[in-house]
Ligand SMILES: NC(=O)c1ccc[n+]([C@@H]2O[C@H](COP(=O)([O-])OP(=O)(O)OC[C@H]3O[C@@H](n4cnc5c(N)ncnc54)[C@H](OP(=O)(O)O)[C@@H]3O)[C@@H](O)[C@H]2O)c1
């Protein structure tokens, strides 16, 4: 297969760096352009980035020049790690100039013609791209990721909603500091502390989960309509969001049936053996004290959600803990997998 030329937008940031690391030596994609803000444009990537990953900057990338983010970007596919404030307009401009944009930013997520794609869960939502291209009169596309918390929650809920049906859920999150970008929360606010508020996050978890788990009827998205109570907290963890979930499933399945449903879950990325696909999108652990961020966030190279402590809940019926890496499966890795899937299915260009 001829490699597709790809750009990373917002390449110097927390998610941009993950993209660069995941795309090194990728069999489908070749990184040909990196963009940043005015702070970095015209500089070498190596001198403008504050590299945060334990692996080195991939060969050749440090010497690439950081470019402006506009329609002149010379790549078919753009992986966007742009901040919310600028992403909406810049991504629209790129799609209008024929680019296929896979974004982590929130502005386009809930639009009625933008697939909020979770590769194992709702491939049928890419049907919305026909509406998007027809109504917006462009040949490019925008495909969005959910936010980092919602992706892991929705991966864990997807098989349960498909196999049993979810009537209601209560979710409490413990979200890592890297989810707030770099430098994020000031150290004196973060250390020794839990912050029980993340702006707009609870609304996003509710809306995006219902879009992910809902349907596409050929014209519109049909939300899943699951009532949820969501509490979001920032905790002093570097990477990896942990979420406790209590929920009511139709038919009151046993704990073993719930675990079997989670363990059996597979999707198109696994059928197609895509390069970034985890073998097991959901890893179920039996230990009483798992999952934990430092032990489980890198499961399946950071591409799986790990579920543990599946047990009966005296009020809602079932409860468990789910954990996943926020900048890999929760951001850059999810976009790369979405792009692999759309390329493999012949849906981009
Ligand atoms: N962090 C996470 O875990 C996570 C997870 C899911 C989704 N997201 C979303 O992903 C996006 C990126 O998050 P992040 O944590 O990587 O943010 P970040 O660390 O603040 O990085 C932002 C990047 O955007 C660039 N940028 C800033 N202003 C720009 C402009 N006007 N034009 C072009 N580029 C500009 C920055 O370039 P310079 O360095 O040159 O200024 C930097 O490369 C956000 O929309 C965020 O909500 C983040």
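Structural remarks
- Any hit, region 191-209, residues being touching a helix residue (DSSP H, G or I) at 6+ places or on another chain (Cβ under 6 Å) and assigned to a strand (DSSP E or B): no
- Flag for residue 124 being within 10 Å of the ligand (Cβ to nearest atom), farther than 23 Å from residue 182 by Cβ and outside any strand (DSSP E or B): no
- When 131, 168 are screened for being in contact with a strand residue (DSSP E or B) (Cβ under 7 Å, 6 or more places away or on another chain), more than 22 Å from residue 300 (Cα to Cα) and touching a residue at least 60 places away in the same chain (Cβ under 8 Å), only 168 passes.
- Residue within region 284-297 that is modelled with pLDDT of 95 or more and in a strand (DSSP E or B) present: yes
- Positions within region 145-184 being assigned to a loop (DSSP other than H, G, I, E, B) and away from the ligand (no atom under 12 Å from the Cβ), in sequence order: 164, 165
- Test: residue in region 319-332 that is more than 17 Å from residue 212 (Cβ to Cβ), out of contact with any helix residue (DSSP H, G or I) (no Cβ under 6 Å at 6 or more places or on another chain), away from the ligand (no atom under 16 Å from the Cβ) and free of Cβ contacts under 8 Å to residues at least 40 places away in the same chain: no
- Region 154-186, residues that are under 14 Å from residue 237 (Cβ atoms) and at pLDDT 95 or above: 173, 174, 175, 176, 177, 178, 179, 180
- Of all the numbered requirements in (1) touching a residue at least 40 places away in the same chain (Cβ under 8 Å); (2) more than 16 Å from the ligand (Cβ to nearest atom); (3) not in a helix (DSSP H, G or I), residue 280 misses one, and that requirement is (1).
- Failed condition for residue 117, given (1) more than 16 Å from the ligand (Cβ to nearest atom); (2) touching a helix residue (DSSP H, G or I) at 6+ places or on another chain (Cβ under 7 Å); (3) under 25 Å from residue 19 (Cβ atoms); (4) touching a residue at least 60 places away in the same chain (Cβ under 8 Å): (1)
- Helices (runs of 4 or more DSSP H) (entirely within region 1-97) containing at least 2 residues that are in contact with a helix residue (DSSP H, G or I) (Cβ under 8 Å, 6 or more places away or on another chain) and within 12 Å of the ligand (Cβ to nearest atom): 14-23
- Candidate set from region 102-112 (those that are surrounded by 19 or more Cβ atoms within 10 Å (Cβ to Cβ) and without any contact (Cβ under 8 Å) to a residue 60 or more places away in the chain); member that is farthest from the ligand (Cβ to nearest atom): 108
- Sole exception among (1) in the same structural domain as residue 319 (by TED's automatic domain parsing); (2) closer than 21 Å to residue 221 by Cα; (3) touching a strand residue (DSSP E or B) at 6+ places or on another chain (Cβ under 6 Å) for residue 161, by number: (3)
The values are calculated or read from the model by the stated rules, or taken from the named source; none is laboratory data. Everything numeric here is computed off the predicted structure, so don't read it as measured data. Every residue, glycine as well, gets a Cβ built from its backbone with ideal geometry; the counts of neighbours run over all protein chains shown.
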